[in-house]
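Some notes on the structure that comes next.
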Amino acid sequence: MIEQKEFEIELTTLEPIRIGGIASPLSGIDNPIALVGDKPVVPGSTLKGAYRCEIERYLIDTYFDRAAKKWTDKNLQPCIPSTKLSPDENQLVVNGSYRFYNSFQPTGGDIKGEGCHYPCDRKCKALHEICPVCYFLGANGLEGFVKVPFLYAKTAVNELYSANIDRAIQTVKQGTNRPYQLVPDGVKFTGTLTVILKDTVRDRELGKARNLKDDTGGDAWLAGHPRSIDQIIKEFIIDRFVSIKTIGGYKSKGFGKVDIKIKPI
Ligand SMILES: [Zn+2]
Ligand SMILES: [Zn+2]
């Protein structure tokens, strides 16, 4: 049996936002926004990225002493879920903000390695853990507890533009840039977030370390001190979604500010 809880997410744009979609040769629009049918959307992957970022920031702000480069609990250190690091990301690993496993750098090449994964493969010298962020959102090879939805605008893209014709112009020309589409401010998007509370078949319960059989350090951050479901939902779900203040691209051009509300259904 799977026990789950649903939350309604409502996102309101406070500035225009721009999340790129796939250009259709028939539309005649160069840089379209993400649409499903005729509705603008915030794709699940975009919202998930913003949410992931907020959990990481929260963990680092709350549990990491930057000056001393020390974690109050090392198990709370988030990973960089990638197989390659940019020099800036590598700096974050070096200063201790993030974990990154099996990292190596071939002479003159990129720094390679991996984020959380399951099970631990032979490359690992010691057993890896799953970081708190991957606990919620899933790691390579292991499902998480939170399913982040697409958010849909109620308004079709055409109505949106006719209602805001002067600000939200179908395509905007700025200087020599190519024209692009955007979602104006004041538009609401909604979607339903699903959180797994308990999965009896797989023996998993939110707030507790999972009983993982294969080689892994597992959910070490919860092993010694499980958290209650209410505590987890407030600290890692509700408060984190509400903290998302920007989304999408063109942030340096005054785009992206949003307000997010989330409530249990
Ligand atoms: Zn991770
Ligand atoms: Zn491993």
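The figures follow:
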{"read-out": "Gly113, sole failed condition from (1) without any contact (Cβ under 8 Å) to a residue 40 or more places away in the chain; (2) part of a loop (DSSP other than H, G, I, E, B)", "value": "(2)"}
{"read-out": "Exclusive hit being among the charged types (D, E, K, R) and either part of a helix (DSSP H, G or I) or under 20 Å from the mean Cα position of the chain (by Cα) (or both), set Arg240, Arg210, Arg227", "value": "Arg240"}
{"read-out": "Subset tally (residues that are under 19 Å from Glu6 (Cα atoms) and either within 18 Å of the chain's Cα centre (by Cα) or not basic (Lys, Arg) (or both)) for the range 245-265", "value": "5"}
{"read-out": "Residues being crowded, with 17+ Cβ neighbours inside 10 Å and of a type in the set (Val, Ile, Thr) - total across the range 22-77", "value": "6"}
{"read-out": "Asn90 vs. criteria modelled with pLDDT under 95, more than 9 Å from ligand 1 (Cβ to nearest atom) and part of a helix (DSSP H, G or I)", "value": "yes"}
{"read-out": "Set Lys70, Lys74, Lys48: member being over 17 Å from Cys134 (Cα atoms) and of a type in the set (D, E, K, R)", "value": "Lys70"}
{"read-out": "The range 202-218 residues that are within 16 Å of ligand 1 (Cβ to nearest atom), paired with ones that are in a strand (DSSP E or B) (beta carbon under 8 Å, 6 or more apart)", "value": "Ala209/Gly218; Arg210/Arg204; Arg210/Gly218; Leu212/Leu142; Leu212/Gly218; Thr216/Glu129; Gly217/Glu129; Gly218/Glu129"}
{"read-out": "Check on Phe7, free of Cβ contacts under 8 Å to residues at least 24 places away in the same chain and hydrophobic (A, V, I, L, M, F, W, C)", "value": "no"}
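The values are calculated or read from the model by the stated rules, or taken from the named source; none is laboratory data. Owing to the predicted nature of the structure, the values given are computational and were not obtained by experimental measurement. Every residue, glycine among them, receives a Cβ derived from its backbone with ideal geometry; neighbour counts consider all protein chains shown.
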